[in-house]
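Let me begin by handing over the structure; questions about it come next.
The values are calculated or read from the model by the stated rules, or taken from the named source; none is laboratory data. Predicted, not measured: the structure shown is a model, and the values here were computed from it. Cβ coordinates were reconstructed from backbone atoms using ideal geometry, including for glycine residues, and neighbour counts include every protein chain displayed.
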Amino acid sequence: MKKIFVLLSGVIMLCLASGARADMADPDVLIKNTVHEVLDVVRSDKELRSGNQKKMLELVDAKVLPHFNFEHMTKLAVGKSWRTATQEQKKALMSEFRILLVRTYTKAFTSYRDQVVEIKPFKLDPAATDVTVKTAIVKPGSSQQPVLVDYDMEKMPDGWKVYDLTVEGVSLVTSYRGTFADQIQQVGIDGLIKTLTDKNNTAASSAAVAEKADSK
């Protein structure tokens, strides 16, 4: 499961980091056009290539997050318990889930700088508000099989947003839903929030220690 999450994370980072100018592009064009931008950034930035966590987090926050509907993603991941959660709990869940995903993305960032994204043939229905963009992640010169990735995207007032993606048949949202459901059954929604908060705080502390050690 951990391997799948890392794979999912790297794929997201590779395909969806982009500037505001691509926000209103068709979903397949959004992915196709922006992959070159993020790869150029990674390849040309020595600190990113060496794993500078702070800089990676800043890049993710600025370039990746605008293309996600975190409320929809969190709602799907939490499942039926979302309906009984208070507004305060929903806000906390979205915040911690967002942090969790961001920190997961940064770990896989540099692993995908040599990959190429191939967009499968896609025809957008002008009336469509929910689409799936199919892609394949290929490593040039490698005999490895391409990694197949499907992006579930919805049309929002400010552009197309990702609310789930599937890598080799494994849905990101569904994967978290199972984990979250077990947590909620054992310790309730507040317990899940605490678990996510503790996990995020631990990750932040570890990153700070590592960064301090690297600076010496």
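Given the criteria more than 16 Å from LEU100 (Cβ to Cβ), of a type in the set (A, V, I, L, M, F, W, C), part of a helix (DSSP H, G or I) and at pLDDT below 90, does ALA210 qualify?
Against the criterion (more than 16 Å from LEU100 (Cβ to Cβ), of a type in the set (A, V, I, L, M, F, W, C), part of a helix (DSSP H, G or I) and at pLDDT below 90), ALA210 qualifies.
Please state which of the following conditions PRO140 fails to meet, knowing it meets all the rest: (1) in contact (Cβ under 8 Å) with a residue 40 or more places away in the chain; (2) farther than 19 Å from LEU100 by Cα.
It fails just one condition, (1).
Now for a separate question. Within the range 69-88, can you find the residues that are touching a residue at least 60 places away in the same chain (Cβ under 8 Å) and in contact with a Lys or Arg (Cβ under 6 Å, 6 or more places away or on another chain)?
ASN69, ALA77, GLY79
Scan the range 91-113 and tell me whether some residue there is more than 16 Å from LEU165 (Cα to Cα) and in contact with a strand residue (DSSP E or B) (Cβ under 6 Å, 6 or more places away or on another chain).
Looking through the range 91-113, none of the residues is more than 16 Å from LEU165 (Cα to Cα) and in contact with a strand residue (DSSP E or B) (Cβ under 6 Å, 6 or more places away or on another chain).
I would also like to ask the following. State whether one or more residues within the range 146-161 are touching a Pro at 6+ places or on another chain (Cβ under 6 Å), more than 30 Å from SER206 (Cα to Cα), among the aromatic types (Phe, Trp, Tyr) and in contact (Cβ under 8 Å) with a residue 12 or more places away in the chain.
Taking every residue of the range 146-161 in turn, at least one turns out to be touching a Pro at 6+ places or on another chain (Cβ under 6 Å), more than 30 Å from SER206 (Cα to Cα), among the aromatic types (Phe, Trp, Tyr) and in contact (Cβ under 8 Å) with a residue 12 or more places away in the chain.
Follow-up. For the range 122-143, state whether one or more residues are in a strand (DSSP E or B), hydroxyl-bearing (Ser, Thr, Tyr) and more than 30 Å from SER50 (Cα to Cα).
Yes, the range 122-143 has at least one match.
Each row is one residue, and each column tells you yes or no for (1) surrounded by fewer than 20 Cβ atoms within 10 Å (Cβ to Cβ); (2) charged (D, E, K, R); (3) more than 18 Å from the chain's Cα centre (by Cα); (4) under 20 Å from LEU76 (Cβ atoms).
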| site | (1), (2), (3), (4) |
| --- | --- |
| LYS91 | yes, yes, yes, yes |
| ILE99 | yes, no, no, yes |
| VAL116 | yes, no, no, no |
| GLN145 | yes, no, yes, no |
| VAL149 | no, no, no, yes |
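Quick one: would you say LYS80 is surrounded by fewer than 19 Cβ atoms within 10 Å (Cβ to Cβ), modelled with pLDDT of 90 or more and on the phi < 0 side of the Ramachandran plot?
The answer is yes for LYS80.
Something else: Is the range 27-41 home to any residue that is closer than 30 Å to ASP130 by Cα, polar (S, T, N, Q) and modelled with pLDDT under 75?
Yes - at least one qualifying residue is present in the range 27-41.
For the subset of the range 170-205 comprising residues that are within 29 Å of ASN52 (Cα to Cα) and over 21 Å from the mean Cα position of the chain (by Cα), which member is modelled with the lowest pLDDT?
SER205
Also, quick follow-up: Does SER111 satisfy the criteria of being part of a helix (DSSP H, G or I), of a type in the set (Gly, Ala, Ser) and at pLDDT 90 or above?
When the stated conditions are applied, SER111 does not pass them.
Of all the residues that make up the range 125-149, how many are at pLDDT 90 or above and out of contact with any helix residue (DSSP H, G or I) (no Cβ under 7 Å at 6 or more places or on another chain)?
8
Specify the residue that is surrounded by the most Cβ atoms within 10 Å (Cβ to Cβ); the eligible residues are those in the range 162-207 that are among the charged types (D, E, K, R) and within 22 Å of ARG83 (Cβ to Cβ).
The selected residue is ASP164.
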